[in-house]
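The values are calculated or read from the model by the stated rules, or taken from the named source; none is laboratory data. No experiment lies behind these values; they were computed from the predicted model shown. All Cβ positions, glycine included, derive from the backbone under ideal geometry; neighbour counts span all protein chains shown.
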Amino acid sequence: MSSDAPHIPFSAPSIGDEEIAEVEKAMREGWVTTGPRAIAFEKAFADYVGVPYARAVNSCTAALHIMLVASGVGPGDEVVIPSLTFAATGNVVEHVGATPVFADVDERTLCVTAAAIEAKLTPRTKAVILVHYAGLACPIDEVRALCEKRCILVMEDAAHAVGTRYRGKLVGAHTEGVSFSFYANKNMTTGEGGMLTTTREDLARRFESLRLHGMSKDAWKRYTAAGTWRYDIVESGFKYNLGDIAAAIGLVQLRKLEGFITRRNELAAELRKNLADLPGVEFQALAPEGDRHAYHLFVVRLSTARGTPDRETMIGALRARNVGFSVHFIPLHTMSHYKERWPDAGRELPVTERIADELLSLPLYPGMTSSDVDRVTTAVRSAFGRG
Ligand SMILES: *Cc1c(COP(=O)(O)O)cnc(C)c1O
């Protein structure tokens, strides 16, 4: 069966006239690389999260990389990460010469737990990177309690978690190094972009150096009247700065973010309600009372043991009705590079192994209409022969 109905994408950015106007303003004013808008965006982001320091970069991957370098993670060190994550989380560990070690996730939250991390600690463990899967916070406090007494650093890959609230504070305000993504499909976008937040001034300074060639202080000002032509290179840094055109989009998106997240939560609640009676369709755990899931993704687990059609069948049903989907994630330990380079890293991941072929992400984005939700619902139900 094929459908003439328009395609419902898996995700779509919500960009309006305000973003376009702000970008036009930046371009007409003539400062297009890192400058006043990037700085204003950092300030606004820090205020939003409730953290003293935010530093903008050109991707979350860059943020994660800098975070590891600034923390002194390197050869000989092990970094514990989930296998159920995007390649960026693992690749950066290898970029700094450290060894990735995969921890299992909880079956209900799809996030790592303190116990799962503890099972993977060795005397070489230097850091843990938490991934707040789909926008649900990991148990940050429990992981910190575990790691702090062992002098292990706790960092966060918050690519899904801009707007996630955990125990009274937004994600980004809890640990010393948190990386956010503003990629096209994330909760807010700058096209491509990222942000690092930290509670430590010394780390914020180091991020500034590392993101721009290791240049000493405010090097971007060297082309302004206020700047000086003189600069020094204090380390071999990277070229990870965020430009003002991207920051212009980010400034407007950030103002809309609370509305986006409210809408994502409403849509997720509707989808849960519409699919609740289907046998074997399981949802990710809700955020605990008082916390907030940011619903970057709406993930279902198709538990074939409990009676759902398998993922391929479901994908066929979605395709037939022109409904988009995605998979988060193909576990990293099953990817050919990781199997070859780090064969030991993927041992003992029973939950990840069991659920990997059963996870499916359905469309979720603020611009979805009720009729889009109905079509997604109908498509999923059709795989069960139900209307
Ligand atoms: C999207 C994503 C990233 C990478 O973000 P970029 O901004 O594209 O570098 C990292 N980690 C996770 C979990 C992601 O989903």
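General observations
- Pairing residues of segment 338-349 that are on the phi > 0 side of the Ramachandran plot with residues that are acidic (Asp, Glu) and at pLDDT 90 or above, at Cβ distances under 8 Å and at least 6 apart in sequence or on separate chains, gives Glu348/Asp104.
- Of all residues in segment 90-117, those that are farther than 17 Å from Val154 by Cα have Cβ atoms under 8 Å from Cβ atoms of residues that are of a type in the set (S, T, N, Q) and buried (at least 23 other Cβ atoms within 10 Å of the Cβ), 6 or more apart or on another chain, in Asn91/Thr61; Arg108/Gln284; Thr109/Gln284; Leu110/Gln284.
- Some residue of segment 356-379 being under 23 Å from Val79 (Cα atoms) and not acidic (Asp, Glu): yes
- So Val80, is it touching a strand residue (DSSP E or B) at 6+ places or on another chain (Cβ under 8 Å), within 16 Å of the ligand (Cβ to nearest atom) and either among the acidic types (Asp, Glu) or within 21 Å of Leu349 (Cβ to Cβ) (or both): yes
- Of everything listed in (1) of a type outside the set (D, E, K, R); (2) under 26 Å from Asn91 (Cβ atoms); (3) modelled with pLDDT of 95 or more, the single unmet condition for Pro366 is (2).
- Taken over segment 336-350, the residue count meeting the criterion of being surrounded by fewer than 17 Cβ atoms within 10 Å (Cβ to Cβ) and not hydroxyl-bearing (Ser, Thr, Tyr) is 9.
- Near pairs, Cβ below 7 angstrom, 6+ apart or cross-chain, from segment 127-147 (free of Cβ contacts under 8 Å to residues at least 60 places away in the same chain and closer than 11 Å to Ala159 by Cα) to any residue that is part of a helix (DSSP H, G or I) and β-branched (Val, Ile, Thr): Leu130/Ile140; Leu130/Val143; Val131/Thr89
- Boolean, Asp244 is away from the ligand (no atom under 16 Å from the Cβ) and surrounded by fewer than 16 Cβ atoms within 10 Å (Cβ to Cβ): no
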